[in-house]
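The values are calculated or read from the model by the stated rules, or taken from the named source; none is laboratory data. Note that this is a predicted model, so its numbers are computed, not measured. Neighbour counts run over all protein chains shown; Cβ positions are idealised from the backbone, glycine included. These area figures cover heavy atoms from the full protein model, side chains too; ligands, DNA and RNA do not enter into them. Shrake-Rupley method; radii C 1.70, N 1.55, O 1.52, S 1.80 Å.
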Amino acid sequence: MADVRLTTPSFLVLGVIDTLGEASPYDVKVEAARTVAPFWSVPHAQVYAQCDRLLAAGLVAEVRREGGRGRRLLRVTEEGARALRGWLEDTAFVPVEARERSILKLWFGARPGLHAPVQICAHTRALEEYEQLAAAVGESMSRGQREALEFGIRYERMMVDFWRWAADREPGRGLDRAPEQDRAPGPAPSPVPGPEPGEVV
């Protein structure tokens, strides 16, 4: 086995191949886009690169099919299965890599009223799709898949709630002055020194 450093995209590809039993790099690309893309996207070119890395590491092996169309099919090896189990059992915390472009725009002064309608519409649509998926096939999913779908549902609900809150903020104040009820509480002003009780002034 070659000494290859595996990353999260490596294990994503390995996990997809393991789930499908055997798969071509194209199959992995399609399945990843269909399933895990909402919470972990991977560029198409990287899928092919990761397949090569896993093959070099001995974690997947090529499968030859007689009479096939010459597609390159991959299957997880025993060593690959052990590596995947080890990764699944690794509980180390890794900070979330948040990349919400609309929130970045808010930070630099974008108006919530301009962006909120689009965001509410998009996140409401995604929420409805997730809820429909849960109702249609939720019972046939594995426990982990259902929990991942539940994460998506709760995330979209949170985003809809956030953008409604942003849109409902008191208009006309500008982003440099938050409404009084939204302004973070600060330390109370220091009292002006005055006479002590009973002191003659």
query: Using 7 Å Cα-to-Cβ label points, what is the Val36/Glu128 separation (nm, one decimal)?
result: 3.0
task: Determine the share of segment 1-93's accessible area contributed by carbon and sulfur atoms, expressed in whole percent, with a 1.4 angstrom probe.
output: 52
message: Just to confirm a number: summing +1 for Lys and Arg and -1 for Asp and Glu over residues other than Arg85 whose beta-carbon lies under 13 angstrom from that of Arg85, what do you get?
response: -4
message: Just to confirm, what accessible area per residue do you get for segment 1-137 at 1.4 Å probe, in whole Å²?
response: 67
